[in-house]
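> There's a structure below that I have some questions on.
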Amino acid sequence: MELTKRISLFGRTRALEKEIDDFLDKLSQGSLLFKIAIRVYLNDGCTPDFETKLHDVNKMESDADHLRRAIETKLYAQTLIPESRGDVLGLIENLDKLLNLYEGSLWAFSIEKPDIPEEFHHDFENLTDMSVQAAESLVLASRAFFRNPDAVGDHNHKVMFFEKEADKVSSKLKHAIFGSDLHLSRKTHLRNFVEHIDNVADLAEDIADRLAIYTIKRTI
């Protein structure tokens with residue numbers, strides 16, 4: 001395979017390159033906003049500040065949807081990078097699901113307003129941090145896929161690491177919740193919100209697995 005193809009998938013398709021970069025920027029910003037929103041909720045509850053962060057994530061998700069559709073149009077209407085079109089579409093569509101998870105999770109906090117005892121705050125924050133770091137590592141892996149596929153594995157390794165750490169915190173938190181004196185209905189309610197956050201890391205790992213296959217296909 002030619003060196004230029006190994007380094008960059010885009011060639012002369014600069015408009016497509018910019019839209020994919022913008023899409024990945026929206027995902028990264030959405031990850032950071034999600035992390036901040038959870039911290040705000042734990043500290044102060046469903047305040048106007050939390051609702052503002054929810055609105056910001058909603059806008060990121062909407063903007064990313066517009067970019068995804070524009071990317072799809074360019075890939076098909078302009079027959080760009082036909083040899084990798086299906087993999088690029090699959091990657092973008094799956095990455096968009098992460099933003100949907102952020103939005104759905106924050107809406108659940110806003111609507112259901114879980115009462116999270118202070119003793120669980122640290123682990124909720126830690127779980128959020130591990131999940132977001134898994135997603136952020138996936139963004140880096142995705143950027144590498146388009147320009148330097150040899151670096152994808154380094155970033156994917158971190159996705160796997162943070163997903164395993166998130167699982168550890170999630171299990172610990174569930175044990176603590178169900179070992180507490182809370183009523184069973186409240187325990188199950190809190191467990192749902194642990195899973196809302198942990199699902200981010202799980203999805204990031206699933207996408208990283210697919211990205212590894214896409215990368216192998218690019219380099220053979």
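> Quick check on region 117-131. Is at least one of its residues at pLDDT below 95 and of a type in the set (Gly, Ala, Ser)? Outline the logic, then answer.
Taking region 117-131 as the starting set, the residues that turn out to be at pLDDT below 95 are none.
Scanning region 117-131, I find no residue that is at pLDDT below 95 and of a type in the set (Gly, Ala, Ser), so the answer is no.
> If a residue must be under 11 Å from Ala204 (Cβ atoms) and in contact (Cβ under 8 Å) with a residue 60 or more places away in the chain, how many such residues does region 119-168 contain?
Residues in region 119-168 being under 11 Å from Ala204 (Cβ atoms) and in contact (Cβ under 8 Å) with a residue 60 or more places away in the chain: 11 in total.
> Determine which member of the set Glu103, Glu112, Glu93 is of a type in the set (D, E, K, R) and either within 12 Å of Phe34 (Cβ to Cβ) or buried (at least 19 other Cβ atoms within 10 Å of the Cβ) (or both). Break it down into steps so the answer makes sense when it comes.
Values: Glu112 fails: either within 12 Å of Phe34 (Cβ to Cβ) or buried (at least 19 other Cβ atoms within 10 Å of the Cβ) (or both); Glu93 fails: either within 12 Å of Phe34 (Cβ to Cβ) or buried (at least 19 other Cβ atoms within 10 Å of the Cβ) (or both).
Unique residue meeting the criteria: Glu103.
So that you can scan it fast, the table gives a plain yes or no per residue for (1) among the hydrophobic types (A, V, I, L, M, F, W, C); (2) at pLDDT 95 or above; (3) surrounded by fewer than 16 Cβ atoms within 10 Å (Cβ to Cβ):
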| residue | (1), (2), (3) |
| --- | --- |
| Glu136 | no, yes, no |
| Ser142 | no, yes, no |
| Phe145 | yes, no, no |
| Lys164 | no, yes, yes |
| Phe178 | yes, yes, yes |
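> Of all residues being in contact with a Leu (Cβ under 9 Å, 6 or more places away or on another chain) and polar (S, T, N, Q) in region 151-179, which is nearest to Ile116 (Cα to Cα)? Just the residue, please.
Of everything passing the filter in region 151-179, Ser170 is nearest to Ile116 (Cα to Cα).
> Still on this structure, I have one more. Considering Val159, Val169, Val132, which residue is within 15 Å of Gln29 (Cα to Cα) and surrounded by 14 or more Cβ atoms within 10 Å (Cβ to Cβ)?
Just a single option satisfies the conditions, and that option is Val132.
> What are the pairs, 6+ residues apart or on separate chains, where a residue within region 68-87 that is more than 13 Å from Arg14 (Cα to Cα) has its Cβ under 6 Å from a residue that is modelled with pLDDT of 75 or more?
Between residues of region 68-87 that are more than 13 Å from Arg14 (Cα to Cα) and residues that are modelled with pLDDT of 75 or more, the close pairs are Arg68/Ile92; Arg68/Asp96; Ala70/Glu19; Arg85/Leu75; Asp87/Tyr214.
> Listed residues Thr47, Thr79; which is exposed (fewer than 14 other Cβ atoms within 10 Å of the Cβ) and at pLDDT 95 or above?
Exactly one of Thr47, Thr79 is exposed (fewer than 14 other Cβ atoms within 10 Å of the Cβ) and at pLDDT 95 or above, namely Thr47.
> Working only within region 154-187, note down all residues that are of a type in the set (Ser, Thr, Tyr) and over 22 Å from Ala37 (Cα atoms).
As a first pass, look at region 154-187 and keep what is of a type in the set (Ser, Thr, Tyr): 170-171, 180, 185.
Ser171, Ser180, Ser185, listed by residue number.
> In region 31-66, what count of residues is obtained for those that are over 18 Å from Asn126 (Cα atoms) and either in a helix (DSSP H, G or I) or touching a Lys or Arg at 6+ places or on another chain (Cβ under 7 Å) (or both)?
20
> Got at least one residue in region 176-190 being in contact (Cβ under 8 Å) with a residue 12 or more places away in the chain and under 16 Å from Ser137 (Cβ atoms)?
No, because not a single residue in region 176-190 is in contact (Cβ under 8 Å) with a residue 12 or more places away in the chain and under 16 Å from Ser137 (Cβ atoms).
> Would you point out which residue out of Asp181, Asp206 is charged (D, E, K, R) and not in a helix (DSSP H, G or I)? Steps first, answer last, please.
On the way: Asp206 fails: not in a helix (DSSP H, G or I).
Of the residues listed, the single one that is charged (D, E, K, R) and not in a helix (DSSP H, G or I) is Asp181.
The values are calculated or read from the model by the stated rules, or taken from the named source; none is laboratory data. Note that this is a predicted model, so its numbers are computed, not measured. Here the Cβ is made from the backbone with ideal geometry for all residues, glycine too, and neighbour counts use every protein chain on show.
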